[in-house]
Amino acid sequence: MNRFSSFFVRLWTGFAAFWKAHSITSRVILVGLSVVLIAVCLALSRSFKTAPMAIEKRLYGEEIGRDGLRYKHGAHIYNPETGEILVDSIEWLHVTRGDTIAILAKNHRRAFINLNNAQLITPLDYDKAWEFACDRGIMSRHDSLFIFRRDGSQVNATGLSARNQYEYLFYNNTLVLNVDYEHVGLLDTAGNWVLEPIYSKVETNYNKRLYNTKLGDECIVYDFDLHPVLRGAYKAIEVDWSEGLIATEHNGIQRLFDYEGQLVYHVIYKRIEELSYNTHRKDKDDKDIYEDTDCYIYVDYNNKRGLMDKHYHVLTPPLFHSIEAQTKHVFFASFGEYSDRFGTLIDDHGKALR
């Protein structure tokens with residue numbers, strides 16, 4: 001305490017001597033400079049305290065791209081460091097997770113935009129657009145398709161005709177493309193047809209990496225390298241998710257092949273059902289007595305039914321929705337159900353009765 005008092009006395013004595021040794025003008029200047037210095041210090045202090053808050057206040061919307069640009073939904077893209085609006089009047093922006101190319105909608109038109117610099121890589125002149133896949137993006141204008149690379153350059157010089165298709169996305173570097181309502185083909189990323197658009201069906205099975213196609217009267221299953229796995233004059237071929245390839249003959253008989261096209265079972269069934277008929281006799285409890293016929297019902301992969309004998313020989317193709325025994329030797333085979341139900345009578349040899 002004594003030391004502090006002594007220091008304060010010496011400080012005051014020194015200041016008083018300094019004050020007396022200078023003129024009034026010097027004293028006024030000194031006081032003015034002190035006031036200015038204190039004001040500057042206070043201003044800087046407030047600036048340092050509020051600068052982070054100001055920066056934080058400037059940030060809004062979501063960050064896009066890799067260089068920190070931000071997007072306010074349904075409004076604009078801006079640079080948060082400068083506050084500059086880079087693209088305004090945006091209707092919507094479709095951003096694929098992890099991608100730096102997005103679809104921009106503005107003035108009812110579409111374009112691809114680079115999210116790193118907010119620069120359009122294609123003209124804002126298209127009706128619809130689909131996200132990039134396999135480094136290719138697709139946009140349409142007046143029912144014509146245009147394929148773009150990631151730098152905005154166009155793959156096809158003229159538009160491709162496209163009909164009856166909801167989505168246009170490359171997969172495995174190929175695109176299934178319906179050129180009209182009856183013809184479909186397979187296009188590569190260079191815009192070349194790897195399957196000419198002469199097929200009536202091209203379906204991609206992503207799980208088994210197969211293309212299931214129909215060309216005229218022939219069904220053809222290709223692998224992703226476009227090597228034929230199974231082909232034949234079948235009514236249809238279906239790729240089952242776990243069992244194999246189900247080939248249906250025109251008479252309804254179905255065969256099972258593995259995913260390499262090797263025959264597994266010559267004929268396949270989903271289940272076999274017993275077929276009984278009402279004898280129109282009563283038991284002691286006054287209940288109808290049913291007895292077995294000499295036939296079974298088999299059910300195929302598509303839930304259609306056919307008739308087979310007791311030795312499991314097929315008597316009819318699987319053409320029917322249901323088969324009901326009228327007597328031991330006569331059956332009603334229906335082709336529909338409910339209000340659409342109609343059918344025919346067949347005997348226990350599978351022959352139609354007239």
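The values are calculated or read from the model by the stated rules, or taken from the named source; none is laboratory data. Note that the coordinates shown come from a computational prediction; the quantities given were computed from them, not determined experimentally. Don't worry about glycine lacking a Cβ; one is built from the backbone with ideal geometry, like all the others, and counts go over all protein chains shown. Just the protein is used for accessible areas: all its heavy atoms, side chains included, with ligands, DNA and RNA removed. Shrake-Rupley method; radii C 1.70, N 1.55, O 1.52, S 1.80 Å.
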* Structure fact -> Per the list (1) surrounded by 14 or more Cβ atoms within 10 Å (Cβ to Cβ); (2) within 26 Å of TRP92 (Cβ to Cβ); (3) out of contact with any strand residue (DSSP E or B) (no Cβ under 6 Å at 6 or more places or on another chain), residue check on SER161 breaks on (2)
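When you check THR204 against the structure, is it of a type outside the set (Gly, Ala, Ser), surrounded by 13 or more Cβ atoms within 10 Å (Cβ to Cβ), under 25 Å from the mean Cα position of the chain (by Cα) and part of a strand (DSSP E or B), yes or no? Show your work before the answer.
On the way: of a type outside the set (Gly, Ala, Ser): yes; surrounded by 13 or more Cβ atoms within 10 Å (Cβ to Cβ): yes; under 25 Å from the mean Cα position of the chain (by Cα): yes; part of a strand (DSSP E or B): yes.
For THR204, the condition - of a type outside the set (Gly, Ala, Ser), surrounded by 13 or more Cβ atoms within 10 Å (Cβ to Cβ), under 25 Å from the mean Cα position of the chain (by Cα) and part of a strand (DSSP E or B) - is met.
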* Is it true that THR174 is surrounded by fewer than 16 Cβ atoms within 10 Å (Cβ to Cβ), of a type in the set (Ser, Thr, Tyr) and over 26 Å from ASN79 (Cα atoms)? -> no
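Does ASN278 satisfy the condition of being surrounded by fewer than 15 Cβ atoms within 10 Å (Cβ to Cβ), polar (S, T, N, Q) and closer than 24 Å to LEU210 by Cα? Explain how you work it out, then say what you get.
Values: surrounded by fewer than 15 Cβ atoms within 10 Å (Cβ to Cβ): yes; polar (S, T, N, Q): yes; closer than 24 Å to LEU210 by Cα: no.
Considered against the rule, which asks whether it is surrounded by fewer than 15 Cβ atoms within 10 Å (Cβ to Cβ), polar (S, T, N, Q) and closer than 24 Å to LEU210 by Cα, ASN278 comes out as no.
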* Which number in (1) over 28 Å from ARG109 (Cβ atoms); (2) in contact with an Asp or Glu (Cβ under 8 Å, 6 or more places away or on another chain); (3) not basic (Lys, Arg) marks the one condition that ALA162 misses? -> (1)
* Could you please let me know if GLU167 is under 22 Å from TYR206 (Cα atoms), of a type in the set (Asp, Glu), open to solvent by 20 Å² or more (accessible area, probe 1.4 Å) and part of a loop (DSSP other than H, G, I, E, B)? => yes
* Pair list, Cβ < 6 Å and 6+ apart or interchain, from the stretch 304-331 residues that are over 17 Å from ILE268 (Cα atoms) and free of Cβ contacts under 8 Å to residues at least 12 places away in the same chain to residues that are open to solvent by less than 80 Å² (accessible area, probe 1.4 Å) and part of a strand (DSSP E or B) -> GLU324/PHE332
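One line per residue, one yes/no per condition, for (1) at positive phi; (2) of a type in the set (Val, Ile, Thr):
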{"residue": "TYR269", "(1), (2)": "no, no"}
{"residue": "TYR290", "(1), (2)": "no, no"}
{"residue": "TYR298", "(1), (2)": "no, no"}
{"residue": "TYR312", "(1), (2)": "yes, no"}
{"residue": "THR316", "(1), (2)": "no, yes"}
{"residue": "HIS321", "(1), (2)": "no, no"}
{"residue": "ALA325", "(1), (2)": "no, no"}
{"residue": "GLU337", "(1), (2)": "no, no"}
{"residue": "THR344", "(1), (2)": "no, yes"}
